[in-house]
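Working notes for the structure below.
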Amino acid sequence: MAAAWQDVVRDAAAVREAAAVAVDAALLAGVLMRTGEQPNASDVVNYAPFTLLPSAVPRALFEQAYAVQQDFNLLVDAVSQNKEFLEQTLASTIKVDDFTARLFRIYMQVLEEGLAQTVFLGINRSDYMFDCGLDGTAALRQIEINTIAASFGGLTSRTADVHRLVLKVLGKSEEASRLLPNNPAKGLALGIAKAWELYGSQRAVVMFLVEEIQRNIFDQRCVENELWNRNIRVVRKRFRDVFEQGSLDASRRLFVDGQEVAVVYYREGYVPQIYDEQNWEARLLLERSRAVKCPDIATQLAGTKKVQQELSRPGTLEKLLPGHPEAIARIRATFAGLYSLDEGEEGDRIAATAIADPDRFVLKPQREGGGNNLYGEELREVLEKIKDSPERTSYILMDKIKPQPALNYLLRAHSPLQVSECISELGIFGVYVRQGRELVLNQPAGHLLRTKATEHADGGVAAGVAVLDTPYLL
């Protein structure tokens with residue numbers, strides 16, 4: 001925790017007063033989620049969980065994360081266009097991971113038919129932690145890159161105002177003035193609007209593809225409202241709506257319920273549980289269409305953990321980004337140790353190392369959405385079970401990041417106010433738009449800081465573990 005807050009953390013009366021102000025400020029600012037009891041109703045809502053105090057982040061690492069985001073956008077786009085790389089990299093994974101295999105089959109089918117889509121939109125979020133070395137210095141280490149349904153760009157646009165007020169209430173107006181402005185919702189909408197414009201039909205709509213259960217609707221509404229402010233029509237549909245109401249015309253323009261769709265913005269589609277045969281058919285229809293998909297299926301595959309691991313191999317970045325040595329150096333500087341569990345001598349050796357010393361590593365399946373990674377004894381048990389099976393190739397192994405904990409209060413509805421030892425994860429949103437081979441937009445679009453108590457190994461805000469936060473740069 002920043003030295004500036006040391007006097008606050010143990011002052012129970014000041015904390016109680018600030019927490020009451022913070023909760024009301026969050027409700028006023030629209031830092032909201034629907035309740036677990038009524039996840040599809042907006043007449044009963046509560047504040048999204050957040051920290052009482054903004055968390056300290058090293059300024060140099062924060063600036064490094066922003067500086068490399070355009071490079072990561074470039075890299076994801078390059079991977080999505082490289083059929084040979086995706087085929088080779090995912091060859092072992094698709095033999096044992098049915099979900100990735102099904103996505104890959106659609107990818108190949110669409111390529112064989114010939115892409116109707118000519119404009120491509122990427123909304124990524126690259127997530128980092130601050131690894132504390134033995135000498136006490138911190139290094140920026142990438143956890144993952146999210147290429148589909150990267151969330152909380154809306155709510156985090158409103159969280160800094162809450163923390164500014166809290167600091168003022170605590171007599172720290174000067175510190176409050178140092179909190180950075182942050183509006184990912186506007187940045188994400190800028191990318192969607194550019195893709196909509198390049199699609200070239202004023203009548204066409206932007207379709208948010210959303211979940212059946214929509215607790216996090218207000219986060220999406222922030223982006224939605226930015227589009228409405230630009231006079232771009234937005235509709236919200238589920239996979240089953242696409243199955244029941246969707247069609248393609250002779251030039252493969254997508255129509256859903258009679259409306260032409262220019263951009264499909266996925267806030268759903270990243271977990272296997274939601275796909276039944278109808279939903280897979282709907283996904284194929286979307287991918288075959290001329291509509292701009294965010295992401296298209298190639299970009300979703302580019303965000304898999306197996307691709308992340310392969311990118312860390314010596315020489316891989318050079319093949320994907322020829323002529324960009326500075327970008328490659330910036331990207332590589334953020335990599336943690338990543339290891340393949342493919343069958344063979346290398347995979348055998350890595351599996352044995354992790355079983356012998358599980359606390360050094362994180363075991364990651366090809367899944368998004370938080371709460372999927374394995375640690376410690378659980379990691380050991382799973383690897384013991386699958387070490388001699390092809391199933392192990394559906395995972396990758398990563399060095400465990402060891403950040404420096406700090407004290408904070410995590411404000412959650414109906415939870416007691418108590419101090420916790422916490423660690424934070426910084427996400428940088430990036431947006432790019434490509435028309436044909438030309439990149440017409442490539443920029444960072446804001447940041448997201450999430451913080452959780454050290455007792456929890458894994459899980460994000462939507463998973464109910466982490467809370468929203470604001471960086472206080474040191």
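No value in this document is a laboratory result; all are computed from the given coordinates. In this text the structure is predicted, and so the values were computed from the model without any measurement. Note: ideal-geometry Cβ built from the backbone for every residue, glycine included; neighbour counts use all protein chains shown.
Overall shape: oblate for the chain, with the ratio a/c of the largest to smallest alpha carbon gyration tensor axis at 1.5 or above and b/c at least equal to a/b.
Report the antiparallel proportion of the DSSP beta bridges in segment 192-288 as a percent, rounded to a multiple of 5. Don't skip to the answer; put the middle values down first.
Details: 6 of 15 bridges.
Among the beta bridges of segment 192-288, antiparallel pairing accounts for roughly 40 percent.
Computed extension length for SER389-LEU115: 95.0 nm, one decimal, from 0.36 nm per residue of separation with the Cα-Cα distance subtracted.
What shape does segment 198-295 take by its C-alpha gyration tensor, where a ≥ b ≥ c are the square roots of the eigenvalues and a/c under 1.5 counts as rounded, a/b above b/c as prolate, and the rest as oblate? Oblate, since a/c reaches 1.5 and b/c is not below a/b. Working from Cα pairs under 8 Å separated by at least six residues, relative contact order for the chain is 26 percent. Rounded if a/c is under 1.5, else prolate if a/b beats b/c, else oblate: with a ≥ b ≥ c from the C-alpha gyration tensor eigenvalues square-rooted, which is segment 380-474? The shape class here is oblate. Taken as Cα centroids, segment 272-286 and segment 177-228 sit 23 Å apart, rounded to the nearest whole angstrom.
In debye, nearest 20, what is the charge dipole magnitude of segment 99-232 about its Cα centre with +1 on Lys and Arg Cβ and -1 on Asp and Glu Cβ, if you could check?
Working: 15 positive and 15 negative charges, 78 e Å.
In debye, rounded to 20, segment 99-232 gives about 380.
Per-residue packing, averaged as other Cβ atoms within 10 Å, sorts the ranges 142-152, 73-83, 307-317 into the order 142-152, 73-83, 307-317, beginning with the highest. Shown in residue order for segment 350-361 are the 3J(HN,Hα) couplings computed by the Karplus curve 6.51 cos²θ - 1.76 cosθ + 1.60 at θ = phi - 60°: 5, 4, 5, 4, 5, 5, 6, 9, x, 6, 7, 10 Hz (x for Gly and Pro). Less than 5 angstrom separates the built amide H of ALA445 from those of PHE429, GLY430, VAL431, all sequence-distant by 5 or more or on a different chain.
If I stretch the segment between LEU474 and ASP257 completely, what's the gain in nm (0.36 nm per residue apart, minus their alpha carbon distance), one decimal?
On the way: separation 217, 0.36 × 217 = 78.12 nm, distance 5.15 nm.
The span from LEU474 to ASP257 would gain 73.0 nm if fully extended.
Hey, with R₀ at 41 Å, roughly what FRET efficiency would LEU417 and GLU212 work out to, going by the Cβ-Cβ distance, to 0.05? Approximately 0.75, to the nearest 0.05. Between amide H atoms placed 1.01 Å from N, distances below 5 Å from ASN146 occur with ARG125, SER126, ASP127, all of them 5 or more places distant or on a separate chain.
Percent relative contact order of segment 1-147, based on C-alpha pairs within less than 8 angstrom and at least six residues apart?
On the way: 94 pairs, mean separation 21.2, N = 147.
Answer for segment 1-147 is 14 percent.
Along segment 51-68 the Karplus relation, 6.51 cos²θ - 1.76 cosθ + 1.60 evaluated at θ = phi - 60°, assigns HN-Hα couplings of 7, 5, 10, x, 9, 5, 9, x, 4, 4, 6, 4, 5, 5, 5, 5, 5, 8 Hz to successive residues, with x for each Gly and Pro. Net length available on complete extension from SER201 to ASP43 is 53.3 nm, with 0.36 nm assigned per residue and the Cα-Cα distance removed. Computed as a quarter of the hull surface, the mean projected area of the alpha carbon convex hull for segment 337-400 stands at 3.8 nm².
Would you tally the net charge around VAL467, using a Cβ to Cβ cut-off of less than 9 Å, leaving VAL467 out, and scoring K and R as +1, D and E as -1? Kindly include the intermediate steps, with their values, before the conclusion.
Working: positive: ARG412, ARG450, LYS452; negative: ASP469.
Summing Lys and Arg as +1 and Asp and Glu as -1 gives +2.
What is the packing order of peptides 112-119, 175-182, 441-448, 465-472, taking the mean over residues of other C-beta atoms within 10 Å and listing the highest first? Could you put the intermediate results ahead of the total?
Working: 112-119: 13.8, 175-182: 15.5, 441-448: 21.2, 465-472: 24.9.
Final packing ranking: 465-472, 441-448, 175-182, 112-119.
Near PHE218: Cβ cut-off under 11 Å, other residues only, Lys/Arg at +1 and Asp/Glu at -1. The net charge is +2. Each of the peptides 16-25, 285-294, 37-46 was scored by the mean count of other Cβ atoms within 10 Å over its residues; in descending order, highest first, they stand as 285-294, 16-25, 37-46. As a calculated quantity, the FRET efficiency between THR137 and ARG313 at R0 = 30 Å, using C-beta atoms, amounts to about 0.70. This model, with +1 at the C-beta of Lys and Arg and -1 at the C-beta of Asp and Glu, gives the chain a dipole about its Cα centre of some 1180 debye.
The share of Cα pairs per 5 Å bin across segment 196-240, counted from zero up to the longest distance, runs 5, 19, 29, 23, 15, 7, 2 percent. About its Cα centre, segment 337-400 has a charge dipole of approximately 200 debye under the convention of +1 per Lys or Arg Cβ and -1 per Asp or Glu Cβ, with nothing else charged.
The lysines whose alpha-carbon is closer than 20 Å to the alpha-carbon of LYS385, local same-chain residues fewer than 8 away aside, are LYS95, LYS364. R0 = 22 Å: FRET efficiency of GLU87 with ASP399, Cβ-based, nearest 0.05? Efficiency computed from Cβ-Cβ geometry: 0.20. Segment 88-164 and segment 1-66 have their alpha-carbon centroids 25 Å apart. Between the residues ALA116, LEU86, VAL261, the greatest Cα displacement towards the positive end of the dipole of the chain, with unit charges on the Cβ of Lys, Arg, Asp and Glu, is found for VAL261.
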